[in-house]
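Shown next, in structure tokens, is the structure this report addresses.
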Amino acid sequence: MSWERNVVIKSEHEIELLRAAGRVNAAAHGAVRDAIRPGVTTQELDAIAAEVIRKAGGKPAFLGVMGAYPYPATITASINDELVHGIPGKRKLREGDIISIDCGTILEGFVADSAFTTGVGEISKEARQLIEVTEKALEIGINQLRPGNRVGDVGAAIQEYVEGLGYHLTREYTGHGVGREMWEGPQVPNYGIRGRGTLLRKGMTIALEPMVLIGTARTKVLADQWTVASADGSLTAHVEHSVAITDGDPVILTVP
Ligand code: MG
Ligand code: MG
């Protein structure tokens with residue numbers, strides 16, 4: 001598909017619907033976050049998210065997404081070196097792990113998509129700093145989501161900050177427009193050149209998602225054909241918000 005042809009400008013009403021989906025997605029995240037502790041399995045976390053979404057009248061957006069085979073769960077749960085798309089299962093979280101939870105909710109035909117990374121119990125200073133840098137990268141990127149800027153301004157701001165601190169960004173996975181579809185245009189990489197790429201306009205809604213790796217930008221897909229991990233086994237983090245571009249400040253849709 002052409003990412004650039006697929007840009008959809010939303011009305012204020014449509015942005016309100018996205019905001020409602022975002023609220024449910026944030027509630028699912030909150031419930032999962034509260035349950036993260038040593039000993040819990042990622043499949044238990046998945047069930048918690050599914051229940052919150054269904055009780056709110058929504059549907060999990062990731063369930064059934066086509067890859068090598070249909071994605072089998074509500075959340076992705078990516079632990080330590082796993083960057084994105086980790087499939088929930090019987091693995092128990094351990095003290096010192098870091099875990100990224102990505103989740104999407106469909107409500108009234110609109111999709112919200114967001115992710116967070118957190119520690120399990122006490123984590124290393126290295127892990128804590130990685131999460132802080134990834135969260136700050138998202139904040140820096142969101143601040144660039146303004147009419148008149150271009151997609152390259154967003155990626156460049158994230159890249160300068162993250163790579164300037166010696167961390168790495170994958171080139172293989174990117175942010176994206178979000179709306180009635182989970183993937184709309186434009187594609188929004190976490191790297192770029194200022195002044196280049198699609199012009200940002202009021203009414204565009206973007207899922208921005210820095211994916212930061214400590215040791216390398218290279219990734220590998222694991223045997224389950226979904227889970228993406230760092231090529232060198234180093235720690236990774238991923239955070240994401242769906243955001244609306246407005247005349248004023250960008251509006252984060254995936255918060256409570
Ligand atoms: Mg996501
Ligand atoms: Mg996304």
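The values are calculated or read from the model by the stated rules, or taken from the named source; none is laboratory data. Since this is a predicted model, take the numbers as computed values, not measurements. Note: ideal-geometry Cβ built from the backbone for every residue, glycine included; neighbour counts use all protein chains shown. Heads up: the accessible areas ignore ligands, DNA and RNA and are worked out on the full protein's heavy atoms, side chains in. Shrake-Rupley method; radii C 1.70, N 1.55, O 1.52, S 1.80 Å.
Summary of values
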{"quantity": "Thr246 being part of a loop (DSSP other than H, G, I, E, B) and within 16 Å of ligand 2 (Cβ to nearest atom)", "calculated": "no"}
{"quantity": "Selection count, region 64-100, where residues are free of Cβ contacts under 8 Å to residues at least 12 places away in the same chain and in contact with a helix residue (DSSP H, G or I) (Cβ under 9 Å, 6 or more places away or on another chain)", "calculated": "0"}
{"quantity": "So Gln225, is it outside any loop (DSSP other than H, G, I, E, B) and open to solvent by 10 Å² or more (accessible area, probe 1.4 Å)", "calculated": "no"}
{"quantity": "Residue ID - farthest from ligand 1 (Cβ to nearest atom), chosen from residues in region 86-135 that are outside any helix (DSSP H, G or I) and hydroxyl-bearing (Ser, Thr, Tyr)", "calculated": "Ser124"}
{"quantity": "Residue match in region 126-144 (condition: within 14 Å of ligand 2 (Cβ to nearest atom), hydroxyl-bearing (Ser, Thr, Tyr) and in contact (Cβ under 8 Å) with a residue 60 or more places away in the chain)", "calculated": "no"}
{"quantity": "Hey, Ser124 modelled with pLDDT of 95 or more and more than 24 Å from Met182 (Cβ to Cβ) or not", "calculated": "yes"}
{"quantity": "Residue in region 166-195 that is most open to solvent (accessible area, probe 1.4 Å), counting only those that are within 16 Å of ligand 1 (Cβ to nearest atom) and of a type in the set (Phe, Trp, Tyr)", "calculated": "Trp183"}
{"quantity": "Every residue from region 196-222 that is farther than 16 Å from Thr76 by Cβ, open to solvent by 10 Å² or more (accessible area, probe 1.4 Å) and either at pLDDT below 95 or outside any strand (DSSP E or B) (or both)", "calculated": "Arg196, Gly197, Thr198, Arg201, Lys202, Ile214, Gly215, Thr216, Ala217, Arg218"}
{"quantity": "Unmet criterion (only one of (1) more than 30 Å from Arg146 (Cα to Cα); (2) within 16 Å of ligand 1 (Cβ to nearest atom)) for Lys55", "calculated": "(2)"}
{"quantity": "Residue within region 53-60 that is part of a helix (DSSP H, G or I) and touching a residue at least 12 places away in the same chain (Cβ under 8 Å) present", "calculated": "yes"}
{"quantity": "Members of region 50-81 that are closer than 24 Å to Pro38 by Cα and charged (D, E, K, R)", "calculated": "Glu51, Asp81"}
{"quantity": "Extreme residue, surrounded by the fewest Cβ atoms within 10 Å (Cβ to Cβ), among residues of region 65-81 that are away from ligand 1 (no atom under 15 Å from the Cβ) and part of a loop (DSSP other than H, G, I, E, B)", "calculated": "Met66"}
{"quantity": "Boolean, Ala157 is outside any loop (DSSP other than H, G, I, E, B), away from ligand 2 (no atom under 16 Å from the Cβ) and within 26 Å of Ile9 (Cα to Cα)", "calculated": "yes"}
{"quantity": "Evaluation of Ala156 against (1) over 25 Å from Ala217 (Cα atoms); (2) within 20 Å of the chain's Cα centre (by Cα) (one fails), failing number", "calculated": "(1)"}
